[in-house]
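The values are calculated or read from the model by the stated rules, or taken from the named source; none is laboratory data. These figures come from a predicted structure and were not determined experimentally. Methodologically, a virtual Cβ is constructed for each residue, glycine included, from the backbone with ideal geometry; neighbour enumeration extends over all protein chains shown. Remember, those area values only see protein heavy atoms, side chains included, never the ligands or the DNA or RNA. Shrake-Rupley method; radii C 1.70, N 1.55, O 1.52, S 1.80 Å.
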Amino acid sequence: QVQLVESGGDSVQPGGSLRLSCAASGILFKIYAMNWYRQAPGKQRELVASITSGGMTNYADSLKGRFTISRDNAENTMYLQMNSLEPEDTAVYYCNARYMVTSFWGQGTQVTVSS
């Protein structure tokens, strides 16, 4: 069966960095567009960053270049490098794999930014 497993979430101080990973199994990873979403308490889930099967990337305007999405098709893994973290980045971060009308979600990993 399909599994998307996020890891790397943690509690960090403002200005810190984290690298999230999403390990995929049960899908032909290289053909899927991969996305990171996040959901903060009391807010709707929002798209953070996307990477196509060909490696083209897109980011939420609010991130101001602090985050970098990447993928390793040989390892079936997607990453999100997050720098200069702010309290507003506190959320559960979700991995999403999408191909045409098919979409799969991970269980999420918690990122908390607090002093």
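Is it the case that some residue within segment 53-66 is within 16 Å of Tyr99 (Cα to Cα), surrounded by 21 or more Cβ atoms within 10 Å (Cβ to Cβ) and touching a strand residue (DSSP E or B) at 6+ places or on another chain (Cβ under 8 Å)? No, there is no match, as no residue in segment 53-66 is within 16 Å of Tyr99 (Cα to Cα), surrounded by 21 or more Cβ atoms within 10 Å (Cβ to Cβ) and touching a strand residue (DSSP E or B) at 6+ places or on another chain (Cβ under 8 Å). Taking every residue in segment 7-30 that is within 23 Å of Trp105 (Cα to Cα) and pairing it with any residue that is exposed (fewer than 15 other Cβ atoms within 10 Å of the Cβ) and of a type in the set (A, V, I, L, M), at least 6 positions away or on another chain, the pairs with Cβ-Cβ distances below 6 Å are Ala23/Val5; Gly26/Val2; Ile27/Val2. Please verify whether Asn35 is farther than 16 Å from Gly9 by Cβ and touching a residue at least 60 places away in the same chain (Cβ under 8 Å), treating the condition exactly as stated. It is true that Asn35 is farther than 16 Å from Gly9 by Cβ and touching a residue at least 60 places away in the same chain (Cβ under 8 Å). Checked against (1) of a type in the set (Ser, Thr, Tyr); (2) closer than 19 Å to Ala40 by Cβ; (3) within 14 Å of the chain's Cα centre (by Cα), Ser84 meets all criteria but (3). Consider Gly16 carefully, then state whether it is open to solvent by less than 50 Å² (accessible area, probe 1.4 Å), in contact with a Lys or Arg (Cβ under 6 Å, 6 or more places away or on another chain) and small (Gly, Ala, Ser). Against the criterion (open to solvent by less than 50 Å² (accessible area, probe 1.4 Å), in contact with a Lys or Arg (Cβ under 6 Å, 6 or more places away or on another chain) and small (Gly, Ala, Ser)), Gly16 does not qualify. Being within 30 Å of Gln1 (Cβ to Cβ), without any contact (Cβ under 8 Å) to a residue 40 or more places away in the chain and touching a strand residue (DSSP E or B) at 6+ places or on another chain (Cβ under 8 Å), is that true of even one residue in segment 91-105? Within segment 91-105, one or more residues are within 30 Å of Gln1 (Cβ to Cβ), without any contact (Cβ under 8 Å) to a residue 40 or more places away in the chain and touching a strand residue (DSSP E or B) at 6+ places or on another chain (Cβ under 8 Å).
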